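To start, the structure under review is shown below, and the notes come after it.
The values are calculated or read from the model by the stated rules, or taken from the named source; none is laboratory data. Model, not experiment: these values are computed from the prediction. So basically every Cβ, Gly included, is an ideal-geometry build from the backbone, and we count neighbours across all protein chains shown. Each accessible area value is taken on the protein alone, full model and side chains, heavy atoms only, with ligands, DNA and RNA left out. Shrake-Rupley method; radii C 1.70, N 1.55, O 1.52, S 1.80 Å.
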Amino acid sequence: VYVYRIGAGNRYKIGRTKHPPEKRMHGWATGSPVKPKLYRDVLTENPSVLETHIHHILDLKRTENGEFFDVTQDELDEAVNRAEAFAKEFQPLVLETKRLSRKKPTDRIVDAADDIRDLYQRLREASREKYLLDRQIALLVSRVKVAIGENRGIKGVALWDWQERST
């Protein structure tokens, strides 16, 4: 995962590549009036998880075209560090759950320790919050779509395209 600083300000591009970040930069920086400078790169086994997590943390700081982020170095470093910590905790658990899913479970039911009960309660609370947020998001999306009406979009806010399908 790479982070390029664009110019001398607080504008950054965050992406991922299988190749050295310098090689990837040439693909998108060609013709740019400002030379990007590699600010930070992170070698990880799961770059898509890390990149996506950073993008979501910084989503409200995206530029109008959605390709860059306007953030301070501290905000950027905090986001990358948070995303790295998440990925380091998350990835081994994903691998372990995949391994366990291939095994046939025993008939044994184990007793729940207090920490597992607390974890399960946090899961239930998070699931409830997610449901309510999903409903709020659906409401807000519908309001934006109604505001767009029969138009193609609202400048600087949203666009939508008509797709005709036959089934």
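Over the residues of the chain, the helix contribution to mean residue ellipticity at 222 nm works out to -17500 deg cm²/dmol, using -39500 (n - 2.57) for each DSSP H run of at least 4. Non-local lysine pairs in the chain, meaning eight or more places apart or on different chains, with alpha-carbon distances under 13 Å, amount to 4.
Evaluated with a Cβ-only charge set (Lys, Arg +1; Asp, Glu -1), the chain carries a dipole of roughly 580 debye about its Cα centre, given to the nearest 20. The length gained by stretching the chain between E150 and K37 to full extension, at 0.36 nm per residue less their Cα-Cα distance, is 36.4 nm. The Kirkwood hydrodynamic radius of the chain, based on inverse pair distances between different Cα atoms, is 20.0 Å. Taking all protein chains into account, the per residue accessible area for the stretch 33-159 stands at 84 Å² (1.4 Å probe). Here the spin labels are modelled as points 7 Å beyond Cα on the Cα-Cβ line, and at L140 and V110 they lie 3.9 nm apart.
The calculated FRET efficiency for Q91 paired with L132, based on their beta-carbon distance and R0 = 25 Å, is about 0.30. Residue-wise HN-Hα couplings along the stretch 59-68, as the Karplus relation 6.51 cos²θ - 1.76 cosθ + 1.60 with θ = phi - 60° gives them from phi, are 3, 6, 9, 5, 6, 4, 7, x, 8, 10 Hz; Gly and Pro carry x.
Here the accessible area is traced with a 1.4 Å probe on the protein chains. For the stretch 1-123, carbon and sulfur cover 53 percent of it.
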